[in-house]
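Everything on this sheet refers to the single structure shown next.
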Amino acid sequence: MENPWKTHSSNEIYTNPWITLTEHDVTNPGGGKSIYGKVHFKNFALGIIPLDYEKNTWLVGQYRYTLDEYSWEIPMGGGQVGIDKLISAQRELKEETGLKATKWTEILKIHTSNSVTDEVGYAYLAEDLKEGDTQFEETEELEVRKLPFKETIAMCDTGEITDSLSVAAIYKLARILKL
């Protein structure tokens, strides 16, 4: 399908090591002239659902500055473009939970908020787990919680888990497992 949007000019408003905000002068699909702001993410998002033989998983809780509230999520982080996303997922799982997995399955690709950003996220199922020590980053004050996977589904149902990548990955895995 042909793009109905026409871009006339673009102006970079802000950039840092993680994002770039650009304002575009456009003609919209209805023919009107307007502006469109786009947040470009310089990395991609990665989420991991570790699952043991008893169908337990691990969640990570942390205070999210952007929301000004506490958030329960699957272990996640950013992956650098140019580095294999599986290697980045393995690093994030180890850092946040101390877990290592020998079996990995990509279960999801998602655009997290495609009306304002080009961010893409991927989710993995990590199995055949071995526990170890966490390696939190300086910006992370995390609580790690092990619980039955069915409880994470219930947490999505009640709105206790609201992070888009977490919710999508949990529901996708629930469908795969037929739960």
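In region 126-141, the residues that are modelled with pLDDT of 70 or more form Cβ pairs under 6 Å with partners that are aromatic (Phe, Trp, Tyr), at six or more places apart or across chains, as follows: Ala126/Trp104. Yes or no: Glu69 among the charged types (D, E, K, R) and in contact (Cβ under 8 Å) with a residue 12 or more places away in the chain? Against the criterion (among the charged types (D, E, K, R) and in contact (Cβ under 8 Å) with a residue 12 or more places away in the chain), Glu69 does not qualify. Could we say that Val81 is within 23 Å of Glu127 (Cα to Cα), β-branched (Val, Ile, Thr) and either out of contact with any Cys (no Cβ under 7 Å at 6 or more places or on another chain) or without any contact (Cβ under 8 Å) to a residue 12 or more places away in the chain (or both) here? No; evaluated as a whole, the condition is false for this residue. Among the residues of region 97-106, the one identified as buried (at least 17 other Cβ atoms within 10 Å of the Cβ) and assigned to a strand (DSSP E or B) is Ala101. Looking only at region 32-51, residues that are in contact (Cβ under 8 Å) with a residue 60 or more places away in the chain and either assigned to a strand (DSSP E or B) or over 28 Å from Tyr122 (Cβ atoms) (or both) come to 12 in all. Of the numbered criteria (1) surrounded by fewer than 17 Cβ atoms within 10 Å (Cβ to Cβ); (2) not in a helix (DSSP H, G or I), the one Asp157 fails is (2). Restricting attention to region 46-68 and to residues that are of a type in the set (D, E, K, R) and either surrounded by 13 or more Cβ atoms within 10 Å (Cβ to Cβ) or in contact with an Asp or Glu (Cβ under 9 Å, 6 or more places away or on another chain) (or both), the residue that is modelled with the highest pLDDT turns out to be Asp52. So, in region 1-31, of the ones that are assigned to a loop (DSSP other than H, G, I, E, B) and within 23 Å of the chain's Cα centre (by Cα), which residue ends up modelled with the highest pLDDT? Selected residue: Asn16.
Quick grid of which residues meet (1) surrounded by 14 or more Cβ atoms within 10 Å (Cβ to Cβ); (2) touching a Ser or Thr at 6+ places or on another chain (Cβ under 8 Å); (3) within 15 Å of Trp58 (Cα to Cα); (4) of a type in the set (Ser, Thr, Tyr):
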site	(1), (2), (3), (4)
Ile83	no, no, no, no
Ile110	yes, yes, no, no
Val116	no, no, no, no
Glu119	yes, yes, no, no
Glu127	yes, yes, yes, no
Thr134	yes, yes, yes, yes
Glu138	no, no, no, no
Leu142	yes, yes, yes, no
Ile170	yes, yes, yes, no
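Within region 76-96, the residues that satisfy the criterion of being of a type in the set (Val, Ile, Thr) and either part of a loop (DSSP other than H, G, I, E, B) or on the phi > 0 side of the Ramachandran plot (or both) are Val81, Ile83.
The values are calculated or read from the model by the stated rules, or taken from the named source; none is laboratory data. Everything numeric in this text was worked out from a predicted model, so none of it was measured. Note that each Cβ is placed from the backbone with ideal geometry, even for glycine, and that neighbours are counted across all protein chains shown.
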